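A.B. asks: Pasting a structure here, questions to come.
The values are calculated or read from the model by the stated rules, or taken from the named source; none is laboratory data. Since the model is a prediction, treat every value here as computed from it, not as a measurement. We place every Cβ from the backbone using ideal geometry, glycine too, and count neighbours over all the protein chains shown.
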């Protein structure tokens, strides 16, 4: 070719915007210069030739610009194509590598799936309970009034503002100007439903009493039939209808469209099903199932003996409203607080007004964003879930460290390939991209497997929460979380090895011909980094193991702590006599008859009763005046109280410290008597005996006849509060709900059914529910058990992964030092010396990890100390156990490579090198 | 021929460039030179208009460019035909041929054809 016009190749066309401009300028300059030369040759003077040349060329600037335009476009297209073809190349290269190392790939995918799956499962629950908004239009406009966790709350006595009475709700509804509407929602305790003709055994759906505007405020349309309208609020009993939830319609009525218009009996009252709520709306109570909604005006019909619509002393309602456009939460809070306070103060008896006023000032009503609905489980589980999230994040970090180590080993095995390719001109970014592609592919596949695992994992977690009904569907947010997590994982475990693998000193690597590694690399190279990763894994494991130990021990303390009663021998029977219509004299007769029946049952040591029971979730409080004690504040005169039957303390197993216990003489005709617990006695009578002094409440005065040891009544964690006990037969209004406490001679669980049947034979319409005290207590610490159990599982997983990492690194290190060991042995070292040498190095890594991990563990425990019960921040048993377990696993992980090193014969070692 | 249509002109110019390169690589000036000689300087409005066309053909992959040394030892950008460009030239020529024949038949017709 060079014959024609002397053409020879000089260099390839450069790339990049600056190159493009330079090239175009040079090309056009050349043209002009050639033309000038030609014209000069034909006889024109230079200047004229130049002018002529430019004239013949035309508009230089336009030509230059349009050339550049075309070139830029072309450049972009080329870059896109080359990027895509590189990507295709990298992916197929990565797939080939993965396919060639099936074992490696399987291990990587499995650990990734475990790590990502655990994180996704936990996040699913956090998302469902803590983060997600109600599936209604404009959830951000919703506000809750009251304590959103008290979804099953019911309180009789002093009016309150964490849950409201119906009249208080009516005041708020009628007076608010800043909310466009407010609905009421209250629990419907144990419903009995007969839905089919001839059905004998009633079912117990979970229902809520709601005001007629419930669906209107939430802006939820009916999926079938209609929802409630304002008609349902007109007058009690006027609209005997219900709306079913979609889930209940499907499971109980098999999605039968003809249920609309059908009549069911709830607590004996015929109600017509008028509609089904949409599938997307499971209710406003997050974490609990709602089967059906009943107009609140039906409450008197369904629960005839509880005046819950008119009584200002029956608090059971939570409210939710919508902000008018432009109104802020703070403005609404101010308005609602003043409405509630005014209503509570104005409706209180004159003599209590002062104390009500100070109460509402101290604890104003809670007005919060209602976007996430009401939830009991959110408050219960949020802290445990975040602890769990921390634990599974640590597991994932360990997984990453492990994988980074594996990738590093792989990359260094390919060190020569890399140096050859770089010597041949491959650029480093390109190689890093290629190595990262493999990490990304692994992470994406691991993430996908993790999502599958999470479907199962979140269901298992929900089962462990003991009762929460959580919609654990994998929605877009969860999938986005997993995707981001997987990509971050890939960067974490892929980037450093990829950078390390391509940072090869060319000459050194090429010189080291047959040997995989150069000496220069050993000191600071992959070996050092691998060790650092192991130290990090050990540190993270220490963190998790010490945490696990402390959580487990805290749970054990909770399970065995002395609560002041014989917790293993008590059976409790909840009695609801109110619904069956018992009150006053008939109620007293029933109580006495039940006590007699229980006491006569074989296997029963003694039986008593109380209004609240213990660990039942109900609690009463009151204000008292105590003879000889001057209250400094309102708080000073407040006291928890319970009205109890004869033999209460002996039956439960509490000690009488002073005076006497209640007995048969403390009846309607006996002198009014009271027993204080020790905390109350010490508080009111710091210097002398409480016996013989008087205590008055609700204008009745009782003589203190005894002091009993403290009984932890509701919460194992809480400090015992001041408490006064009054004989149940001496209070003016006997409780329609009460609890029988029965001390048994054997395992109380066996007696439950016998006793229930024997009591039911007195009057089958009275609702009974028997449970052992120990199971009630277990329920109250279920979230502690959940956290301890699940964190233990992840602690063990972390330990196994860290041991695996240590094993990998030590194996790798000893294999590379085979010749060194051979030499040592040739020079007279015993196998035991080599064994000790290698094990010593493994232990050094462990010690390094412990030094980093211990302070981190102690810091982390500081963060969760409110979850721990009677566990100090330096809990030596937990620490020692963690270290022993870790040391043992590390020794095991280090032993096998060490033994292999020690067994190598000197000749073999030297020859192989 | 100054009023020649631009669209027609562009297609024709493309063909001329491809044609100019059939004998081997040329730089832009060489292409201009050839076209001027071959057409008797009738077709180029300004010599500059050739360059966007060259770049466009390069982007289309019909020709490719490489820097080289010119006959007077200067850096110059040389263009040469690619295989696609060669094929394009063949189909372009035959289309152009048909177009010219059809157009000239019409333009030279003695009278408008009568319908029976």
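A.B. asks: Give me the strands (runs of 3 or more DSSP E) completely within the range A:629-686, filtered to those with at least 3 residues that are surrounded by 21 or more Cβ atoms within 10 Å (Cβ to Cβ), ordered by residue number.
C.D. replies: Values: elements: A:638-644, A:656-659, A:673-677.
Ranges flagged: A:638-644, A:673-677.
A.B. asks: How about the range A:884-909: which of its residues are surrounded by fewer than 16 Cβ atoms within 10 Å (Cβ to Cβ), modelled with pLDDT under 80 and part of a helix (DSSP H, G or I)?
C.D. replies: A:903, A:907, A:908
A.B. asks: Give the residue that is surrounded by the fewest Cβ atoms within 10 Å (Cβ to Cβ), with candidates limited to residues of the range A:749-767 that are under 27 Å from residue A:620 (Cα atoms) and at pLDDT below 85.
C.D. replies: A:765
A.B. asks: May I ask you to say which residue of B:63, B:35 is within 14 Å of chain A (Cβ to nearest Cβ) and either modelled with pLDDT of 90 or more or closer than 20 Å to residue A:65 by Cα (or both)?
C.D. replies: Numbers: B:35 fails: either modelled with pLDDT of 90 or more or closer than 20 Å to residue A:65 by Cα (or both).
Every option except B:63 fails the conditions.
A.B. asks: Continuing with this model, one more query. Name the residue, out of A:265, A:190, A:208, that is in a strand (DSSP E or B) and farther than 30 Å from residue A:323 by Cβ.
C.D. replies: A:265
A.B. asks: Still on this structure: On the basis of being outside any helix (DSSP H, G or I) and touching a helix residue (DSSP H, G or I) at 6+ places or on another chain (Cβ under 6 Å), does residue A:364 make the cut? If you could, list the steps in order and put the result at the bottom.
C.D. replies: Values: outside any helix (DSSP H, G or I): yes; touching a helix residue (DSSP H, G or I) at 6+ places or on another chain (Cβ under 6 Å): yes.
It is true that residue A:364 is outside any helix (DSSP H, G or I) and touching a helix residue (DSSP H, G or I) at 6+ places or on another chain (Cβ under 6 Å).
A.B. asks: What's the number of the condition residue B:84 fails, among (1) outside any loop (DSSP other than H, G, I, E, B); (2) more than 8 Å from chain A (Cβ to nearest Cβ); (3) modelled with pLDDT under 90?
C.D. replies: (3)
A.B. asks: Which condition number does residue A:308 fail, the rest of (1) more than 23 Å from residue A:142 (Cβ to Cβ); (2) surrounded by fewer than 19 Cβ atoms within 10 Å (Cβ to Cβ); (3) touching a strand residue (DSSP E or B) at 6+ places or on another chain (Cβ under 6 Å) being met?
C.D. replies: (2)
A.B. asks: Would you call residue A:498 modelled with pLDDT under 85 and in contact with a strand residue (DSSP E or B) (Cβ under 8 Å, 6 or more places away or on another chain)?
C.D. replies: Details: modelled with pLDDT under 85: yes; in contact with a strand residue (DSSP E or B) (Cβ under 8 Å, 6 or more places away or on another chain): no.
When the stated conditions are applied, residue A:498 does not pass them.
A.B. asks: Could you pull out every one of the helices (runs of 4 or more DSSP H) wholly within the range A:772-868 that has 3 or more residues that are more than 28 Å from residue A:562 (Cβ to Cβ)? Can you show your working first?
C.D. replies: Numbers: elements: A:773-780, A:782-816, A:818-826, A:831-863.
Those helices (runs of 4 or more DSSP H) span A:782-816, A:818-826, A:831-863.
A.B. asks: Could you tell me which of the residues A:387, A:345 is part of a helix (DSSP H, G or I) and under 31 Å from the mean Cα position of the chain (by Cα)? Explain how you work it out, then say what you get.
C.D. replies: Values: A:345 fails: under 31 Å from the mean Cα position of the chain (by Cα).
It is A:387.
A.B. asks: Let me ask something else about it. Taking the range B:46-60, which residues are more than 7 Å from chain A (Cβ to nearest Cβ) and assigned to a loop (DSSP other than H, G, I, E, B)?
C.D. replies: Selection gives nothing.
A.B. asks: Now a separate question. Being buried (at least 16 other Cβ atoms within 10 Å of the Cβ) and in contact with a strand residue (DSSP E or B) (Cβ under 7 Å, 6 or more places away or on another chain) is the filter here; which residues of the range A:369-407 pass it?
C.D. replies: Within the range A:369-407, A:370, A:371, A:373, A:374, A:375, A:376, A:377, A:378 qualify.
A.B. asks: Please go through (1) modelled with pLDDT under 90; (2) more than 9 Å from chain A (Cβ to nearest Cβ) for residue B:90 and return the number of the only condition it doesn't satisfy.
C.D. replies: (1)
A.B. asks: Scanning for something at pLDDT 85 or above and more than 27 Å from residue A:780 (Cβ to Cβ), does the range A:717-724 turn up at least one residue?
C.D. replies: Checking the range A:717-724: not a single residue is at pLDDT 85 or above and more than 27 Å from residue A:780 (Cβ to Cβ).
A.B. asks: Within the range B:64-81, which residues are crowded, with 17+ Cβ neighbours inside 10 Å and assigned to a loop (DSSP other than H, G, I, E, B)?
C.D. replies: Across the range B:64-81, the qualifying residue is only B:70.
A.B. asks: Could I ask something else about it? Tell me which residues, restricted to the range A:583-615, are surrounded by 14 or more Cβ atoms within 10 Å (Cβ to Cβ), in a loop (DSSP other than H, G, I, E, B) and either at pLDDT 90 or above or out of contact with any strand residue (DSSP E or B) (no Cβ under 6 Å at 6 or more places or on another chain) (or both).
C.D. replies: A:583, A:601, A:614, A:615
Okay, residues lined up against (1) outside any helix (DSSP H, G or I); (2) farther than 30 Å from residue A:577 by Cβ; (3) in contact with a helix residue (DSSP H, G or I) (Cβ under 7 Å, 6 or more places away or on another chain):
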residue	(1), (2), (3)
A:270	yes, no, no
A:273	yes, yes, yes
A:300	no, no, no
A:305	yes, no, no
A:308	yes, no, yes
A:331	no, yes, no
A:339	no, yes, yes
